[in-house]
Amino acid sequence: MSHNTFGHMFRVTTFGESHGVAIGCVVDGCPPLIPLDVTEIQADLDRRRPGQSRFTTQRQEADAVKILSGVMVHPETGVQVTTGTPIALLIENTDQRSKDYSDIKDKFRPGHADFTYEAKYGLRDYRGGGRSSARETATRVAAGAIARKIVPGMTVRAALVQMGPHKIDRGNWDWDEVARNPFFCPDKDKAAFFESYLDGIRKSGSSIGAVIEVVADGVPAGLGAPIYAKLDGDLAAALMSINAVKGVEIGDGFGAAELSGEDNADEMRMTNHGPSFLSNHAGGILGGISTGQPVVARFAVKPTSSILSPRKTVDRNGADTDILTKGRHDPCVGIRAVPVAEAMAACVLADHFIRHRGQVG
């Protein structure tokens, strides 16, 4: 009963712990003859890498990825391509500081998975959380770099659209701006505000939550299937699997509850290129199947649970105690969830693309 694998035809198995020797993944089901160079994977990993600004954990990891299998140089073109066999990727851990956690090895950190891991397995990896650590998401980003190349013409992008109670101005949305600030924020003015806002939270030793939006353009109509293979169901599950995510919505999501039937329905008109939708409240998915419109999802990331303020807890012996978490932590873990969101969405869409092709040709 291994639960470290996701996907059906495009399958990803991740392994490793936060403070282990290395982390990695095996990508199985990738079609052959797709050009793939390690620099393409590294480019995505560099966006997620810690320690790039004062607004993320200062753990210094190069996140240098190695391709161990599943590729070869094509004898005719000289280009490295996938072979159709499992692609194994490895990322070594180089900056573990397990001593940061020695004071809390017998205490359950509020908001963390300490208590639940102990309840399930009878032990837990107190050195940074082991498999529950966001460190594991680097392997998903690596797999997502491969998934991006499978669906022709598809682009998957994500952005931070809210931090704490502060939302961006959607009238200022600029995808190019996402790469220009440390928050992956598409609103230049709000990104400037987030600098002083998060600085105050960081200096106080606290943390704050965020909302991330992911948009996939170029998704063909027809991906997904009723009833138990809905595209939005699989996408929601994939996004919910990201560390610290506590809510997922597709399209207008919870906002649809405030709309009338007239406002919510995406009306259609015929064009020279076929049926066209006049709006996208459904987020590009109807009946669990893609419409050909952009696939849009959002998710809420809770505040980082590791904070400097003393918190009430209990220890492994059942005694009441207090805890103060030291170490290097993100004041807003939602920031580095942006490239992870892109990766998970890309993996789901690649999986459904291959499944659709297998069923209908």
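The values are calculated or read from the model by the stated rules, or taken from the named source; none is laboratory data. Remember, predicted model here, so these are calculated numbers, not experimental data. FYI the Cβ positions are ideal-geometry reconstructions off the backbone, even for glycines, and counts take in every protein chain you see. What goes into the accessible areas is simple: the full protein's heavy atoms, side chains included, and nothing from ligands, DNA or RNA. Shrake-Rupley method; radii C 1.70, N 1.55, O 1.52, S 1.80 Å.
Under 5 Å between amide hydrogens, which residues at least 5 positions from Thr325 or on another chain qualify, with H placed 1.01 Å from N in the peptide plane?
Placed amide hydrogens put Ile307 under 5 Å from Thr325.
If each DSSP helix of 4+ residues adds -39,500 (n - 2.57) and the sum is divided by the residues in the chain, what number results at 222 nm, nearest 500 deg cm²/dmol?
Values: 7 runs with 84 residues, N = 361.
Result for the chain, helices only: -7000 deg cm²/dmol.
Sort 338-350, 255-267, 234-246 by the packing proxy (mean of other Cβ within 10 Å over each peptide's residues), most packed first. Please report the intermediate quantities before stating the final value.
Values: 338-350: 28.4, 255-267: 10.8, 234-246: 19.4.
Ranked from most to least packed, the peptides come out as 338-350, 234-246, 255-267.
Starting from the Cα of Lys149, draw a straight line to each of the lysines and keep only those under 26 Å, dropping any in the same chain fewer than 8 residues away.
Straight-line reach from Lys149, under 26 Å: Lys66, Lys230.
Net charge near Ala22: determine it from the other residues with C-beta under 12 Å of the C-beta of Ala22, scoring Lys and Arg +1 and Asp and Glu -1.
Working: positive: Lys66, Arg135; negative: Glu17, Glu61, Asp63, Glu92, Glu136.
Within the 12 Å Cβ shell, the charges total -3.
Percent of Cα-Cα pairs more than 32 Å apart in the chain, please.
Details: 22626 of 64980 pairs.
It works out to 35 percent of all Cα pairs.
Students often check this: by mean Cβ neighbours within 10 Å, which of 210-216, 110-116, 166-172 ranks highest, and how do the rest follow? Let's see the in-between values first.
On the way: 210-216: 23.3, 110-116: 17.6, 166-172: 12.7.
So the peptides 210-216, 110-116, 166-172, ranked by packing, come out 210-216, 110-116, 166-172.
Of all the accessible heavy-atom surface of the chain, with the other protein chains kept in place and a 1.4 Å probe, what percent is carbon and sulfur?
On the way: 9210 of 17130 Å².
Here carbon and sulfur together make up 54 percent of the probe-accessible area.
Mind listing which trypsin sites (Lys or Arg not before Pro) in the stretch 275-321 are in a DSSP loop and have 13 or fewer other Cβ atoms within 10 Å?
Working: sites: Arg298, Arg311, Lys312, Arg316; in loops: Arg316.
Within the stretch 275-321, no trypsin sites (Lys or Arg not before Pro) qualify (loop, at most 13 other Cβ atoms within 10 Å).
Work out which helices of the chain, taken as complete DSSP H runs, extend at least 27 Å along their axis over the Cα atoms and score a mean Kyte-Doolittle of -1.0 or more, then list them.
Working: long enough: 337-360 (34 Å, 0.63).
In the chain, the long hydrophobic H runs are 337-360.
Net charge within 13 Å of Ile335 by Cβ-Cβ distance, Lys/Arg positive one each and Asp/Glu negative one each, not counting Ile335 itself? Show your work: numbers first, answer last.
Details: positive: Arg47, Arg48, Arg49, Arg54, Arg202, Arg336; negative: Glu195, Asp330.
Charge balance in the 13 Å sphere: +4.
Compute the signed sum of charges (Lys and Arg +1, Asp and Glu -1) over the other residues within less than 9 Å, Cβ to Cβ, of Lys107.
Surrounding charge for Lys107 is -2.
Spelling out what I want: for every residue of the stretch 69-79, take phi, set θ = phi - 60°, compute 6.51 cos²θ - 1.76 cosθ + 1.60 (Karplus), and round to whole Hz; glycine and proline get x.
Using θ = phi - 60°, the values come out as 6, x, 9, 7, 7, 5, x, 9, 8, x, 9 Hz.
Could you work out the relative contact order of the stretch 5-360, using alpha carbon pairs under 8 angstrom and six or more residues apart, expressed as a whole percent? Display every interim value, and only then the final one.
Details: 762 pairs, mean separation 79.8, N = 356.
Computed value for the stretch 5-360: 22 percent relative contact order.
Figure the gain on full extension for Ala257 and Asp217 (residue separation times 0.36 nm, minus the Cα-Cα span) and round it to one decimal in nm. Show your work: numbers first, answer last.
On the way: separation 40, 0.36 × 40 = 14.40 nm, distance 2.53 nm.
Contour length minus the Cα-Cα distance gives 11.9 nm.
Sort 68-76, 80-88 by packing, meaning the average of other beta carbons within 10 Å per residue, with the highest value first. Before the final figure, lay out the partial values.
Details: 68-76: 12.9, 80-88: 17.1.
Packing proxy ranking, top to bottom: 80-88, 68-76.
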